[in-house]
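J.: One structure is given below, represented as structure tokens, and several questions about it will come after.
Computed from the coordinates by the stated procedures, all read-outs in this text should not be read as laboratory data. Here the structure is a predicted model, which is why all the values come from computation and not from measurement. Cβ sites come from the backbone with ideal geometry, for glycine too, and all protein chains shown count toward neighbours.
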Amino acid sequence: MPVTDDETLRELLDAETVAVVGCSATPGKAAHGVPKYLQEHGYRIVPVNPTTDEVLGERAYDSLSAVEEDIDIVDVFRPSAEVPGIVDEVLARDDVETVWLQLNIRDDAAGERVEDSGRAFVQDKCIKVEHGRLVA
């Protein structure tokens, strides 16, 4: 089951590095504003977007597989249909602790795979809203 309780969500947010899959370079989009908020609150942001070289002053990677640094949370701003492939990339890494799907993004089967690997899974929740509610 995806994580929903406040205590566990608060623990998950005690992370350092967030890879944002679908991170946008376009101000005004949620996929830009949410990582900007996280960056302003002390998180290291790793943009994953194959169509740009840099977002929020950080090098953008074409895929999770290409990210060279350690990641704590993978925050997903891509359609639900793309989640299984993103989870495949997560499961190929040994550093990711949490997969977090933004509002209206859901995939129960992918979530079971994440949880079976011993990692946390959050879906259909905005990481910015939860951070603001539980941490900030």
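J.: What's the ranking of 19-27, 124-132 by average number of surrounding C-beta atoms within 10 Å, highest first?
T.: By packing density, highest mean first, the sequence is 19-27, 124-132.
J.: For Cα pairs less than 8 Å apart in space and 6+ apart in sequence, what is the mean separation divided by the residue count of the chain, i.e. the relative contact order in percent?
T.: 26
J.: I've got another one for you. Arg10 to Glu112: FRET efficiency via 1/(1 + (r/R0)^6), r the Cβ-Cβ distance, R0 30 Å, to the nearest 0.05?
T.: Efficiency for this residue pair is about 0.80.
J.: If I model a spin label at Leu103 and Arg59 as a point 7 Å from the Cα along the Cα→Cβ vector, what separation in nanometres do I get?
T.: 3.3
J.: Is it possible to state the helix-based mean residue ellipticity at 222 nm for the chain, with each DSSP H run of 4+ residues giving -39500 (n - 2.57), the sum divided by total residues, to the nearest 500 deg cm²/dmol? What is it?
T.: -9000 deg cm²/dmol
J.: Also, I was wondering about something else. Please report the orientation-averaged projected area of segment 1-62, defined via the convex hull of its C-alpha atoms, in nm².
T.: Across all orientations, segment 1-62 yields a mean hull projection of 4.9 nm².
J.: Rounded to a whole number, what is D in µm²/s for segment 39-93 from Stokes-Einstein with the Kirkwood radius over alpha-carbon pairs (20 °C, 1.002 mPa s)?
T.: Translational diffusion coefficient: 178 µm²/s.
J.: Taking 22 Å as R0, compute the FRET efficiency from the Cβ-Cβ separation of Thr52 and Ala30 and round it to 0.05.
T.: Computed FRET efficiency for Thr52 and Ala30: 0.85.
J.: Quick one: putting +1 on the C-beta of Lys and Arg, -1 on the C-beta of Asp and Glu, what dipole do you get for the chain around its Cα centre, in Debye to the nearest 20?
T.: With only Lys, Arg, Asp and Glu charged at Cβ, the dipole is about 640 debye.
J.: Ok, one more. Can you pull a Stokes-Einstein diffusion coefficient for segment 6-134 at 25 °C (0.890 mPa s), Rh from Kirkwood over Cα pairs, as a whole number of µm²/s?
T.: Estimated diffusion coefficient is 171 µm²/s.
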